[in-house]
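Trainee: First the structure, which I've put down as structure tokens, then a few questions once you've had a look.
Only the coordinates and a few stated rules stand behind these numbers; no lab work does. Keep in mind it's a predicted model, so treat the numbers as computed, not measured. Glycine gets a Cβ as well: all are built from the backbone with ideal geometry, and neighbour counts include every protein chain shown.
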Amino acid sequence: MPERIDWRQDGTPGGSAFSPRFGDRYHSELGGLDQAREVFFKGCGLPAAWASQPQWCILETGFGLGLNFLVTWAAWQADPLRPRLLHFVSLEAFPASADDVLRSAQAHPELFPLAEQLQRQLWGLLPGVHRLVFEGGRVLLTLHIGDAKALLQRATFTADSVFLDGFSPVVNPGIWDVHIFKAVARRCRRGTRVATWTVARSVRDSLAQCGFVMQKVPGTPPKRDNLQGQYQPAWEPRQSTAPPAPAPARCIVVGAGLSGAAVAASLARRGWRVTVLDAADAPAAGASSLPAGLLAPHVSPDDSVLSRLSRSGIRATLQQADALLHAGSDWDLTGVLEHCLEHPRRRPAAWQAGQALEGAAGDWTRQATPAQLDDCGLMPGTPALWHAQAGWIKPASLVRAWLAMPGVAWRGQAAVTRLVRKGDAWQVLGAAGQELASAELVVLAAGYASGALAPAVGLSPALALQAIRGQASWGLQAPDNAHALPPFPVNGHGSLLPAVPLAEGMAWLTGSTFERDSASCELRPGDAQDNFQKLQALLPSAVQALSPAFAAGQVRGWAGVRCATPSRLPALGPLDGAPGVWVCSGMGARGLSFAALCGELLAARLHGEPLPVEQRLADALRPPYAARITKSAA
Ligand SMILES: Cc1cc2nc3c(=O)[nH]c(=O)nc-3n(C[C@H](O)[C@H](O)[C@H](O)COP(=O)(O)OP(=O)(O)OC[C@H]3O[C@@H](n4cnc5c(N)ncnc54)[C@H](O)[C@@H]3O)c2cc1C
């Protein structure tokens with residue numbers, strides 16, 4: 001359930017927010033807006049401090065109703081010298097509902113349009129890290145939901161400004177104690193500015209103990225004092241922040257599928273000049289040429305790493321699709337029914353009805369309703385889940401949109417065979433040994449072929465990647481079968497996308513086969529029968545409608561090669577022994593769920609930015625090696 005807020009009528013438009021949990025108002029007697037502007041924003045020397053910086057990162061200890069974020073975002077919009085990228089990281093143990101956040105902004109008409117954008121993204125806030133994206137990816141809000149100390153301790157980013165906010169130390173001492181400040185200090189560089197509205201002695205003492213040099217400054221009436229300061233410890237701090245970020249320069253991405261295009265877009269947004277090379281004549285020629293694919297989260301009783309990453313990835317993809325694609329023709333947020341054929345998929349216990357996370361989890365996944373089952377011709381009581389934030393996407397549309405971003409150049413007929421280090425850069429060579437391009441950073445995003453390219457770097461052992469061939473079957477909807485298909489995609493053992501507008505007409509698509517250790521893209525007639533059999537188990541009612549097409553041989557095929565890792569998670573990270581060479585591959589059967597997230601994760605890790613996921617999830621994506629060959633053994 002979202003945090004309960006009582007709205008008290010005191011003449012403020014929309015009412016004044018009161019927390020029954022803490023027995024206190026959300027905003028000070030100053031009103032939230034003045035506090036946000038005067039105490040925090042100006043108290044940290046902004047906007048002068050961020051003028052003309054490539055990036056700026058603000059850490060806030062209590063998101064509350066989001067007012068400090070909205071004020072900072074509005075100031076960023078208004079400032080001609082704004083940083084290219086603004087990161088706002090906020091910690092919140094008890095997130096308010098999206099509606100309450102919007103309601104609190106009613107008192108501030110100038111912020112209301114921003115609050116509406118914020119409200120649209122405030123859903124599904126389960127414990128963990130959530131990345132919300134505004135201004136085409138130039139204003140990034142990272143919400144850490146849960147225990148602030150634990151979340152901060154595991155993070156690695158460097159904060160440039162710190163807003164210490166939250167309910168008062170009297171009612172919420174946990175957010176103002178020395179352990180929190182120690183964790184905050186670990187995210188600061190020498191000189192990071194800190195501001196807060198409380199001048200409580202205990203807060204000042206704890207901050208001093210953690211290396212902050214603070215002073216009381218005159219407050220805005222009726223408040224007498226505020227507190228401002230800097231992280232300037234008398235000792236040399238243990239370095240737990242990221243090393244200095246490389247200045248954006250040139251990058252070559254090998255592979256113009258979902259993975260490569262996503263990386264290119266994320267780096268270009270940060271000022272990199274990116275050249276994407278591909279062996280094929282056109283972008284999205286590999287697995288990403290799939291006519292349309294499904295986007296639906298993975299669910300597991302223990303909310304595994306795969307489940308959590310799939311949700312973060314889907315949020316990232318939806319943000320990109322919403323901003324860059326045409327709904328209805330390139331993609332659609334239809335919702336997806338998961339028919340749990342092999343075993344009932346159990347959701348975590350904390351997501352069940354009446355449990356604390358029911359509301360946030362329900363934004364993602366619920367038990368399918370009898371009406372939804374009926375829409376699919378399935379019997380009442382059939383084990384099935386309903387994924388609300390799910391649908392279908394044409395991968396090639398997303399690839400083309402990413403490649404069209406300023407700062408990205410695409411080149412086809414450029415098969416890469418070798419990489420050679422030359423000074424600070426890598427030379428990327430073609431089959432005849434000719435230089436195709438050179439750059440300080442190279443990202444291998446060539447799907448299964450990334451495995452062969454890694455040894456071509458010269459130093460690295462082979463990557464443990466597996467080719468999994470797959471064939472999907474598709475056909476055009478006929479007037480007599482369209483009504484017999486469900487109104488949304490169905491997933492399970494195989495899947496059915498009932499209505500995807502293709503150049504040839506409105507199409508259905510079903511499949512797919514899984515053929516391990518095959519990198520062939522040839523079409524096999526037997527695979528259509530396999531897909532038909534899967535569909536019989538998944539959706540018997542749809543089979544009746546589609547069997548004439550299968551029987552008449554009117555079903556068309558599409559085949560491609562998935563690239564999987566042993567963990568079934570993507571492979572993302574720098575290659576051992578090859579400075580400046582990264583890999584972004586191993587998307588398996590979930591490229592649409594993972595590529596956008598991996599692009600952002602790569603850029604964030606490279607720049608020491610706040611990550612869009614928890615650190616341990618990012619760590620799970622380390623590229624897997626087939627065998628470790630040390631230099632001395634080689
Ligand atoms: C049958 C099937 C069904 C699928 N269904 C879904 C689905 O429903 N949902 C979903 O999310 N995912 C699905 N997938 C998976 C999805 O298609 C992939 O995860 C995704 O497309 C992988 O993108 P990629 O960029 O990593 O690889 P690719 O799209 O394969 O791109 C790799 C690129 O590298 C280029 N390349 C290779 N070698 C070189 C070289 N030496 N030099 C230069 N360029 C090179 C290739 O030409 C290619 O363009 C499916 C896959 C298959 C096969």
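Trainee: Among 93-104, 587-598, how do they line up from the highest to the lowest mean number of other beta-carbon atoms within 10 Å?
Mentor: 587-598, 93-104
Trainee: Still on this structure, I have one more. If you average the alpha carbon positions of the stretch 358-374 and of the stretch 122-198, how far apart do those two centres end up, in angstrom?
Mentor: If you average the Cα positions of each part, the centres end up 32 Å apart.
Trainee: Another question, then. How much length would be gained if the chain were fully extended between ALA456 and MET1, taking 0.36 nm per residue of separation minus their Cα-Cα distance, in nm to one decimal?
Mentor: 158.6 nm
Trainee: Note down the Stokes-Einstein diffusion coefficient of the chain in µm²/s, whole number, using a Kirkwood radius over alpha carbon pairs, 4 °C, and 1.567 mPa s.
Mentor: Estimated via Stokes-Einstein, D reaches 50 µm²/s.
Trainee: I've got another one for you. For a quick size check, give me the Cα extents of the stretch 497-634 along its three principal axes, largest first, whole Å.
Mentor: 61, 37, 28
Trainee: Counting other Cβ atoms within 10 Å of each Cβ, which trypsin sites (Lys or Arg not before Pro) in the stretch 173-236 have at most 13 and sit in a DSSP loop?
Mentor: ARG224
Trainee: So for the chain: antiparallel DSSP bridges make up what percent, rounded to the nearest 5?
Mentor: Given both bridge residues lie in the chain, the antiparallel proportion sits at roughly 65 percent.
Trainee: With a 10 Å radius around each residue's Cβ, average the other Cβ atoms per peptide and rank 13-24, 124-135, highest first.
Mentor: For the peptides 13-24, 124-135, the packing ranking is 124-135, 13-24.
Trainee: For a quick check of your reading of the filter: which GluC sites (Glu not before Pro) in the stretch 420-504 sit in a DSSP loop and have no more than 15 other Cβ atoms within 10 Å?
Mentor: GLU504
Trainee: Considering only C-alpha atoms, what is the centroid distance from the stretch 72-117 to the stretch 281-355, in Å?
Mentor: Here the two parts' Cα centres lie 27 Å apart.
Trainee: If one computes the Cα centroid of the stretch 7-58 and of the stretch 537-604, what distance in Å separates the two points?
Mentor: First find each Cα centre; the distance between them is then 43 Å.
Trainee: Fewest Cβ neighbours within 10 Å first, please rank TRP331, TRP235, TRP272 accordingly.
Mentor: Fewest to most other Cβ atoms nearby, the residues stand as TRP235, TRP272, TRP331.
Trainee: Please state, rounded to one decimal and in Å, the Kirkwood hydrodynamic radius that the stretch 466-564 gives when every pair of distinct Cα atoms enters the mean of 1/r.
Mentor: It is 13.6 Å.
Trainee: Would you compute the Debye intensity of the stretch 27-74 from its alpha-carbon atoms alone, equal scatterers and no solvent, and pass along log10 I(q)/I(0) at q = 0.17, 0.32 Å⁻¹ to two decimals?
Mentor: Scattering profile of the stretch 27-74, log10 relative to I(0): -0.49, -1.39.
Trainee: Now, a different point. Of the peptides 303-311, 64-72, how do they stack up when ordered by the mean number of other Cβ atoms within 10 Å, highest first?
Mentor: Put in order of decreasing packing, that is 64-72, 303-311.
Trainee: What lysines does LYS42 reach when the alpha-carbon gap must be under 18 Å and sequence neighbours fewer than 8 apart in one chain are set aside?
Mentor: LYS216, LYS223
Trainee: Need one number: nm distance between label points at GLN9 and ALA150, each 7 Å from Cα along Cα→Cβ, rounded to one decimal.
Mentor: 4.2 nm
Trainee: Can you find, among LEU509, HIS483, ALA564, the residue sitting farthest towards the positive end of the charge dipole of the stretch 466-564, where Lys and Arg contribute +1 and Asp and Glu -1 at Cβ?
Mentor: ALA564
Trainee: If the only charges are +1 at each Lys and Arg Cβ and -1 at each Asp and Glu Cβ, what is the size of the charge dipole of the stretch 466-564 around the Cα centre, to the nearest 20 debye?
Mentor: Dipole size: approximately 140 debye.
Trainee: How big is the equivalent ellipsoid of the stretch 6-231 along its three axes, where each semi-axis is √(5λ) from the Cα gyration tensor, reported in whole Å from largest to smallest?
Mentor: In descending order the semi-axes read 23, 21, 18 Å.
Trainee: Could you give the angle, 0 to 90 degrees to the nearest 10, between helix 67-78's Cα long axis and the longest principal axis of the Cα atoms of the chain?
Mentor: The angle comes out near 80 degrees.
Trainee: Sticking with this structure for a sec: THR417 versus ALA323, label points 7 Å from Cα toward the beta carbon: distance in nm?
Mentor: A separation of 3.9 nm, rounded to one decimal place.
Trainee: Report the calculated FRET efficiency for ASP374 and PHE112 (r = Cβ-Cβ distance, R0 = 45 Å), to the nearest 0.05.
Mentor: So the FRET efficiency works out to roughly 0.65.
Trainee: Under a point-charge model restricted to the Cβ atoms of Lys and Arg (+1) and Asp and Glu (-1), what is the dipole moment magnitude of the chain relative to its Cα centre, in debye to the nearest 20?
Mentor: For the chain, the charge dipole is close to 1780 debye.
Trainee: I want the local charge near SER206. Using Cβ-Cβ distances under 14 Å, sum +1 for each Lys or Arg and -1 for each Asp or Glu among the other residues.
Mentor: After counting each charged neighbour, the total is +2.
Trainee: Now, a different point. Which lysines, if any, have their Cα less than 28 Å from the Cα of LYS422, not counting same-chain residues under 8 positions apart?
Mentor: Within the straight-line limit of under 28 Å, LYS422 reaches these lysines: LYS631.
Trainee: Same structure, new question: Can you tell me the dipole magnitude for the stretch 6-231 around its Cα centre, using point charges on the Cβ only (Lys, Arg +1; Asp, Glu -1), in Debye to the nearest 20?
Mentor: Here the stretch 6-231 has a charge dipole of around 820 debye.
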